[in-house]
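First up is the structure itself, then whatever we jot down about it.
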Amino acid sequence: MTVAAASATAPPPAAGRGVPVLALEGVAAAYRQREVLVGIDLAVGAGERVALVGPNGAGKSTLLRVAAGVLLPTAGQVRLLGRPIGELDRVAVARRLAVVPQGASLPFAARVEEVVALGRLPHEHPLLGLGPADRAAVAAAIERVGIGHLVGRDARELSLGERQLVLLALAVAQGSPLLVLDEPTVHLDLRHQVEVMALLADLNDRDGTAVVAVLHDLRLAARFFPRIVVLDRGRVAADGAPGEVLGPELVRAVFGVDVEIALGTA
């Protein structure tokens, strides 16, 4: 991967100026009458890098689904670049937000580069298809994620970790100002976990892409994200810099373990 070194200890990029790229205002969500999110207020500014952490069932993935317009909230409103998401069609949403889901399956045979090219669908000409700028964006995304050695292969035959990198390249090719990821390091070995985190930091620092990622590993979250939002039982339990929110009392109360174990400092 072509990335630059970055860390959550570095000063965060300017954020909160102007219209947020993503705003959840009093959002609630449910599955079959079971309430999952309650009164979520969350704004992500241009150029911010935010990790969503919390125990299983806290509502992290549900929050991403609501943010992407996949799940309609039962209360409140979601805005992308100031526009209510309900006023946007799917192409308009995709131009504002790119999603890397967790372990998505591929229902059809497609070469790796064809999958990555799907990221250009919101931008391509409806009649002429991919243009030179689109093909250049696909090639650049493949190089940046470091999957050039996978080009030409059927994406369905890749390992789960390799497939995860292909989906990340698809999102990079999409070129949206907001990138949301659901456990982007799942199925990846330690080296690729660190490389993906560094890539996200580089997209954020160098390109100005706002990043919101669900993570289970608090060590990665604290190392690579200047802002951490802790969810617990469908509510925001804490929101701030790693050193502010990942204190002993909160980690014990929310995750049920000592902070030294959670952050690997024991």
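Considering segment 71-96 alone, what residues qualify as being under 22 Å from residue 36 (Cα atoms) and in a helix (DSSP H, G or I)? Within segment 71-96, 85, 86 meet the criteria.
The requirement of being assigned to a helix (DSSP H, G or I) and closer than 21 Å to residue 195 by Cα is fulfilled somewhere in segment 121-137, by at least one residue.
Taken together, 229, 236 contain a single residue that is among the β-branched types (Val, Ile, Thr), surrounded by fewer than 22 Cβ atoms within 10 Å (Cβ to Cβ) and assigned to a strand (DSSP E or B), which is 236. Evaluate segment 245-255: report whether one residue or more is without any contact (Cβ under 8 Å) to a residue 24 or more places away in the chain and small (Gly, Ala, Ser). Yes, the conditions are met somewhere in segment 245-255. Within segment 180-220, the set of residues being under 25 Å from residue 57 (Cα atoms) and touching a helix residue (DSSP H, G or I) at 6+ places or on another chain (Cβ under 6 Å) comprises 180, 182, 184, 185, 187, 188, 197, 211, 214, 215, 218, 220. Do the conditions hold for residue 55, that is, is it touching a Phe, Trp or Tyr at 6+ places or on another chain (Cβ under 9 Å) and surrounded by fewer than 18 Cβ atoms within 10 Å (Cβ to Cβ)? Taking the combined requirement at face value, the residue satisfies it. Selection over segment 199-208 of residues that are free of Cβ contacts under 8 Å to residues at least 60 places away in the same chain and either buried (at least 19 other Cβ atoms within 10 Å of the Cβ) or within 25 Å of residue 257 (Cβ to Cβ) (or both) gives a count of 1. Taking residue 66 as the residue in question, decide whether it is in contact (Cβ under 8 Å) with a residue 40 or more places away in the chain, part of a strand (DSSP E or B), crowded, with 20+ Cβ neighbours inside 10 Å and of a type outside the set (Lys, Arg). Against the criterion (in contact (Cβ under 8 Å) with a residue 40 or more places away in the chain, part of a strand (DSSP E or B), crowded, with 20+ Cβ neighbours inside 10 Å and of a type outside the set (Lys, Arg)), residue 66 does not qualify. Take the conditions (1) part of a helix (DSSP H, G or I); (2) touching a residue at least 12 places away in the same chain (Cβ under 8 Å); (3) within 24 Å of residue 47 (Cβ to Cβ); residue 113 misses just one of them, which is (3). So is residue 69 under 24 Å from residue 207 (Cβ atoms) and of a type outside the set (A, V, I, L, M) or not? Yes; evaluated as a whole, the condition is true for this residue.
Laboratory data are not the source of any read-out in this text; all were calculated from the coordinates shown. If you're wondering where the values come from, they're calculated on a predicted model, not measured in any experiment. When we count neighbours, we look across all protein chains shown, and the Cβ atoms used for this are built from the backbone with ideal geometry, even at glycine.
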